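Student: Structure below; questions to follow.
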Amino acid sequence: MIHSLFLINHLGDIFLEKHWKSVISRSVCDYFFEAREKAVDPENVPPVLQTPHHYLISIYRGKLFFLSVIQTEVPPLFVIEFLHRVADTFQDYFGECSESVITDNLVIVYELLEEMLDNGFPLATESNVLKEMIRPPNILRSVVNTLTGGSNVGETLPQGQLSNIPWRRAGVKYANNEAYFDVTEEIDAIVDKSGTTVSAEIQGVIEACVKLSGMPDLTMSFMNPRLLDDVSFHPCVRFRRWESERVLSFIPPDGNFTLMTYHISSQNLVAIPVYVKQSINFFEAGSCGRLDITIGPKQTMGKTVEDLKVTIHMPKAVLNANLTATQGNYTYDCTTKMLVWDIGKLNPQKLPNLRGSLSMQTGVPNPEENPSLNIDLKIQQLAISGLKVSRLDMYGEKYKPFKGVKYVTKAGKFQVRT
Amino acid sequence: MSASSAFNDEKGGSSSVGEPEYGHDPASGGIFSSDYKRHDDLKEMLDSNKDSLKLEAMKRIVAMIARGKNASDLFPAVVKNVACKNIEVKKLVYVYLVRYAEEQQDLALLSISTFQRGLKDPNQLIRASALRVLSSIRVTIIVPIMMLAIKEAASDMSPYVRKTAAHAIPKLYSLDPEQKDQLIEVIEKLLADKTTLVAGSVVMAFEEVCPERIDLIHKNYRKLCNLLIDVEEWGQVVIINMLTRYARTQFLNPNINESLLEEGGSGDKTFYGSDEDEDEDEEEKEKKAEVAAMAKRKPYVMDPDHRLLLRNTKPLLQSRNAAVVMAVAQLYFHLAPKAEVGVIAKALVRLLRSHSEVQYVVLQNVATMSIKRRGMFEPYLKSFYIRSTDPTQIKVLKLEVLTNLANETNISTILREFQTYIKSMDKDFVAATIQAIGRCATNISEVRDTCLNGLVQLLSNRDELVVAESVVVIKKLLQMQPEKHSDIIKHMAKLTDNIQVPMARASILWLIGEYCEHVPKIAPDVLRKMAKSFTNEEDIVKLQIINLAAKLYLTNSKQTKLLTQYVLNLAKYDQNYDIRDRARFIRQLIVPTEKSGALSKYAKKLFLALKPAPVLESPFKDRDHFQLGSLSHLLNAKAGGYQELPDWPEAAPDPSVRNVEVPEWTKCSSREKRKEKKVEKPFYTDSEGESGPTESADSESDSATGSESSSGSEESGSGSESEESKEASESEEEEEEEEEEEKKKKKKDLKKPVQESESEQSSEEEERKHQRKSKPRKSESESESDEDEESESESSQSESEDSESEAEVKKKKKLAESKPPPKPVKKESKKEKKEMSLLDLDDFEPAPSPQVTPVNTFLSNSLVTDLEGLSLSDSVLSPATIAPSSTLKSYELLHRITGEGLSVEYCFSRQPFSPDANMVAVQMQFTNNASSDTKNLHIEDVKLQSGMRVKEFPEIELLPAGETATAVMGIDFCDSTQAANFQLCTHTRKFFVSIQPPVGELMRPVFLTENEFKKEQGQLMGMNEITEKLTLDVKCRNEHTIVQRVTTAANLSRVPCGSDKECSPPLPPPDHPVHRFAGRTVTSGSLVLVTVATKEEGAAQLTVNCEKMVIGTMLVKDILQALTQ
């Protein structure tokens, strides 16, 4: 399936190669570089490329390209999903997924890749299993290892690999048993010029941090499970139970994991927490423009909106911005043409406003379209869909764990057209 | 550089030395000279006897490999360490070996004996990794050794080693294809493996080595289906893709008989092939035989194995892995009946939130699907709206999907979206949008003019690309109806001065030439201008200028003769031979000379022939002949190793090949087995039968500890799991002890009460399983039907997951489940009765149990209805309450011919349905017109919109030929006119039927006085009031007919007029009486008030007040029709 993997940085240097079958010369990447040249943005590189003898499937993560070489038919998503899983694993091991971190831990990376694929077919991709075979780097261990001559590689087959619950390691022990869940919802919305919502969806995710000894069997139930009709689960969740009773029943992996994600589609009514009043005009005469933006709370369920930020990608003709903000501060980057207005907390009594003039390049026709506004925001202690966890029960172990649920709503791809 | 300093700062050292190098092309040379010395100290370190030094050296070597630098000269030094005790060193040596063994085959052989020793190691991890490396070394000489090792490992105790063996198979195959036959044997053996660990890998091997040997799958098909949910995600993808192909060769096309399926074939069958159940297989065989026999005249019946696949893959749509979701989606797209494909849309739309690469692939597939099944994605239209931050390639794909989804109803919203897109800064995207508008315009004639006007406006756009693209699209549109649009052509003619994009210029010229009759004045002028600039034009434009000149010459030679000659002369000396050729050719054709041949006579016909309008097609059309989700589909070209998705077979191949006979060894004592299983399976629905007894000690204890603690946790939490495992083991037992059927039955009956009381938490799934299990027996003892039916109705009810009803349902379930203890006794006695067969009729006694249960729970409810009924029937003034049955309109549910003799009609009896007041009573009349008896008439597999519920009628055991029977069922339509779909089953056949209520049947009459009526009406004003003027039919101008027609159309009662004035002396009847009717909707009890106010000349005004606006609107329509026809 996956023949070889090349890691390429944003400059186009190959800094790691791994072959699972016979060696393929790195000149195969030239086709990729060609496509990379053609696409102006790295995002626009087609994920699947055809070359005379190979197929190249790549992903772009953290300014790196993960490029895999394929020789025969394989579902492209299979490869893409796997490459993302590789990137996730690096992130999990080293805290970030960047070139410097990977080159610093080249051997561990190589060992990981060796375990994750065998002959191009995924072997072990569960982070808990991998961590038992190849320990993540940490300072203490490396000191101990140099003193004692110990190694980073486990000697026995991780038990998870064989058991029915490959995601959990055996013999977990904690002094403090705790289970925390973060319910994060992101609002994806398109609001048009007049302020009406064109489409709005909610993407929810429940991230868990479970540090419980032994083999706990958890059951999580919701106040209003009816909200969730489009969900995807971590493999640990018993699907039948969900189907019949709408509760999440699972033996959790150890540590951090994504328990479930859900999607509340545009067919449902989605609350939009803020409204935006804006006017952006470009004048033919005098080559200048005017900008006036006000943001106010709309449906916030009585919570405060924090970390409010407006990002505008200005047309090329805009040279500079001379604005005043009643709250927060703004920056305009002349090279990327990005106007960022960092507002912070939204005060309903005194609505933040940004106004002023834009100076334009002379002699260039005015942009026809006004740039759209991308909005970032955060509301603590609220899941905008109204989802609430009603209880979490644990079976199978005697101790009493600490439990906690945190809600937060964020703006996802929240766009206001102007 | 000393060795110690080099390895002490390995990190810094490697990166500082490596950095300037790895950016370079390795071919540029001169890199290795500096490494050469370093290799010496590496050798030294490898030769030392300190593990830490060796490790350090190996790490540096591996880092070199990772950067793609050559380390092959170290081979001898490295290979010596293959037997090193340190496991990390060993692993790194393996990495090195696999990388360079192919280059240094002779030296690699030195390591082989170590691996052979490793293969015998008691530690399964070492055995597995030895096999992994051994099979990864691509040295042809060791092929026999590899073959032997694989064979041995394939029967290893540890499933992990067996998995590794499965991985090794394709490696050996690629090294030496001659080994294929032997490898197939191994694959066959591993396919029979029952552990989930092995399943994915061996199917992968199967796909790479012998995808054509579909026969190997037969015996393992059901097992694979059942294991699927527990296989790791990557294996799932491979298995699902393979099973898609398998199913295409083995089953019939479920969409053969589309009309039937559309009626409501979406339901799951009650009959599921739970594997290895002998009883079932027999029935199945019977069925199959029947199917084969009646293939011609019978509608399609889905193979239970086909259904099994669809059912077992469906939950995987919830997987977190996009590849799995896509695999299931393509399986449904290729295999499922039309009505069921819809379920995948939601999951695919969810994937759109994922990484942009995932989006890209998913959108490509959605684009293909949306051409075939547009309806599937229509509800998700908004999810494909484009954000300015999307990458261009995603934007273009979304646009494609939006265009595919456009139809008459949503085109206006889509066009409004397109309008915003046109203003985007991303010009490629704008161009794509213009093309999309063009496609919408060709496909939907209603909006053609609007689109055209919009595009014409774009012609004045400042961006040249936009204008050019518009011109090209307008050209295509104009070809459809040029007469109407000569002004647009004129407008475009003016553009030639400004537009520079060659394609656009060429398009305009072609248009003017083609329709020169419509613009007789302008065309020669354009040609004049073009002739002036001819030499500076692009080739494509030059060709069109020649074209224009030729056409004008033919139509208007007086004005253009000289111009044409001039252009042709210019073209004669053009650099491009195409243009020279064209000029010569055209000159011969159009300019009459003495030499010119016969062709010039036809020049007009040749040039001015009517050209068919182009069809703007999606580039994704017909891409679905590639298996969706595949690389080939994405590239729209066959990739190497792509397995063609076969067409459905004409007749289904023998399904019995999938039957599995029970191997001898499973006949161990069932008790022991059960115990084992119970411990072993907290998660798997299926047995790990084989691995159980043979598993190595360590692995067994592993899995046991894992599962024991979890199964120890069954308080109520994991009750369902334990239940499940019990179920599974039960089925196992069944197959083992088939000869002891009697015994088994008894045991089962005994077991049942316990189970049922326990199964408070058991899922419906299991309940169904239950049902299935009892099914085979049903054929011999029909007396069980009541129990059966009950569970069925329960499951159907609980399916409607409305929160309000949920609690209720649960309560009911509980009741039903706590009831059983006396049941087995009853059943026993019934069975005895059955034996006498004289008391058959007893079963006809209005099947007490299904009715009794609900009455208990609904007691309060039904009381209310009773009381209501009382009050209604007491009121003298409501003549319409109990409508005479003669006025009831009956509808056909099943025609005599489609029903093969059985015809069914139904009518809405308008009686309160006693078990549940919120249901509409539907009276069904069954007539058996066939020559043979029909047995076991009952309902199965109810498919409902959410919130709807059905109370089935008690099974009709026997309907003799020529007889008629009636039954009443209740349906809670939730105040909507959605159809209730279900299957009507006889002992031999199933029919898809659906009942759709007219809106008038969704209400029951209530009695109101005129004053009450007016008061209520006053509260239902505004949006809740719908008024319609009408002219009454001549025949229906008197009071009686109006009342009669309204009450026939809707189940309402008349409000007595003037009843509140009873005390006052009776007034003479007014000339223009006002008729009022009142009712409440059945489910929610919302008031429905109807007023018909008559005026002169048969004019009348109809007013409906109802809280539910939809019902109001529909009711107005119905009554209007009733009164005017």
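Student: So if we plug the beta-carbon distance of A:LYS388 and A:ASP229 into 1/(1 + (r/R0)^6) with R0 = 22 Å, what FRET efficiency do we get, rounded to 0.05?
Tutor: Once the sixth-power term is evaluated, E becomes 0.85.
Student: Then there is this: For A:ASN366 and A:CYS334 in the same chain, what is the full-extension length gain: residue separation times 0.36 nm, less their Cα-Cα distance, in nm?
Tutor: Length gained between A:ASN366 and A:CYS334: 9.8 nm.
Student: Can you list residues whose amide H is under 5 Å from A:VAL198's amide H, if they're 5+ apart or on another chain and H is modeled 1.01 Å from N?
Tutor: Hits under the 5 Å cutoff: A:ILE190, A:VAL191, A:ASP192.
Student: Quote the Stokes-Einstein diffusion coefficient, in whole µm² s⁻¹, for region B:317-398, based on the Kirkwood radius over alpha carbon pairs, a temperature of 4 °C and a viscosity of 1.567 mPa s.
Tutor: Rounded to a whole number, D works out at 101 µm²/s.
Student: Once R0 is set to 51 Å, what does the formula 1/(1 + (r/R0)^6) return for the Cβ-Cβ distance between B:LYS85 and B:GLU650, expressed as a FRET efficiency to the nearest 0.05?
Tutor: It comes to 0.20.
Student: Any idea how far apart A:ARG246 and B:LYS1029 come out in nm if each label point goes 7 Å out from Cα toward Cβ?
Tutor: 4.9
Student: With a cap of 15 neighbouring Cβ atoms within 10 Å, and only residues DSSP puts in a loop, list the GluC sites (Glu not before Pro) found in region B:460-566.
Tutor: For GluC sites (Glu not before Pro) across region B:460-566 that sit outside H, G, I, E and B with at most 15 neighbouring Cβ atoms in 10 Å, the list reads B:GLU517, B:GLU538.
Student: Assuming R0 = 30 Å, can you tell me the calculated FRET efficiency for the pair A:SER27 and B:ASP73, based on Cβ-Cβ distance, to the nearest 0.05?
Tutor: The calculated FRET efficiency here is 0.85.
Student: If you put +1 on each Lys and Arg Cβ and -1 on each Asp and Glu Cβ, how big is the dipole of region A:2-148 around its Cα centre, in Debye rounded to 20?
Tutor: Charge dipole of region A:2-148: 120 debye, to the nearest 20.
Student: Mind checking region B:900-986 for GluC sites (Glu not before Pro) that DSSP puts in a loop (not H, G, I, E or B) and that have at most 10 other Cβ atoms within 10 Å?
Tutor: none
Student: Over the heavy atoms of B:CYS451, what accessible area does a 1.4 Å probe trace out, to the nearest 10 Å²?
Tutor: Result for B:CYS451: roughly 10 Å² accessible.
Student: For B:ALA613 and B:GLU1107 in one chain, what is 0.36 nm times their gap in residues minus the Cα-Cα distance, to one decimal in nm?
Tutor: 172.7 nm
Student: Take every residue in peptide B:497-504, count the Cβ atoms of other chains within 10 Å of its Cβ, and give the average of those counts.
Tutor: Mean partner-chain Cβ count within 10 Å for B:497-504: 0.
Student: Between B:ILE256 and B:LEU216, what is 0.36 nm times their sequence separation minus the Cα-Cα distance? Round to one decimal in nm.
Tutor: 11.6 nm
Student: So what J values fall out for region A:255-261 if you push phi through Karplus, 6.51 cos²θ - 1.76 cosθ + 1.60 with θ = phi - 60°, rounded to Hz, Gly and Pro as x?
Tutor: Going residue by residue, I get x, 8, 7, 9, 6, 7, 10 Hz, with x marking Gly and Pro.
Student: B:ILE229: accessible area at probe 1.4 Å, nearest 10 Å²?
Tutor: 60
Student: Using a Gaussian network model of chain A with C-alpha springs under 10 Å, which one of A:ARG168, A:ARG85, A:ARG26 is most mobile by mean-square fluctuation?
Tutor: Sorting by GNM fluctuation, first place goes to A:ARG26.
Student: Still on this structure: Can you pull the mean other chain C-beta count within 10 Å for peptide B:388-394?
Tutor: 6
Student: In deg cm²/dmol, rounded to 500, what helix-only [θ] at 222 nm does chain A give when every DSSP H run of at least 4 residues adds -39500 (n - 2.57) and the total is split over its residues?
Tutor: Only helices count here, giving -5000 deg cm²/dmol.
Student: Mind listing the long-range amide H neighbours of A:VAL274? Cut-off is under 5 Å, sequence gap 5 or more, other chains count too, H placed in the peptide plane at 1.01 Å from N.
Tutor: Distant-sequence amide H within range of A:VAL274: A:LYS298, A:GLN299.
Student: In whole Hz, with x marking every Gly and Pro, tabulate ³J(HN,Hα) for region A:79-88 from phi via Karplus 6.51 cos²θ - 1.76 cosθ + 1.60, θ = phi - 60°.
Tutor: 5, 4, 4, 5, 4, 5, 5, 4, 4, 4
Student: Still on this structure, please answer the following. In what sequence, largest accessible area first, do A:TYR55, A:TYR399 appear using a 1.4 Å probe?
Tutor: So the residues, ranked largest to smallest area, are A:TYR399, A:TYR55.
Student: Then there's this: For region B:1105-1112, just list the computed ³J(HN,Hα) in residue order, Karplus coefficients 6.51, -1.76 and 1.60, θ = phi - 60°, integers in Hz, with x standing in for Gly and Pro.
Tutor: Each residue's phi maps through the Karplus curve to give 10, 8, 4, 8, 5, 5, 4, x Hz.
Student: Rounded to the nearest 20 Debye, what is the dipole magnitude of region B:291-450 about its Cα centre when Lys and Arg each give +1 and Asp and Glu each give -1 at the C-beta?
Tutor: Dipole about the Cα centre, nearest 20: 500 debye.
Student: Threshold 30 Å², probe 1.4 Å: give the residues of region A:68-99, in number order, that are less accessible with all protein chains present than with their chain alone.
Tutor: A:GLU73, A:PRO75, A:PRO76, A:LEU77, A:PHE78, A:ILE80, A:GLU81, A:HIS84, A:ARG85
The values are calculated or read from the model by the stated rules, or taken from the named source; none is laboratory data. What you see is a predicted model, and the numbers here were worked out from it, not measured in a lab. Don't worry about glycine lacking a Cβ; one is built from the backbone with ideal geometry, like all the others, and counts go over all protein chains shown. Areas reflect the complete protein model, heavy atoms only, side chains present, ligands, DNA and RNA absent. Shrake-Rupley method; radii C 1.70, N 1.55, O 1.52, S 1.80 Å.
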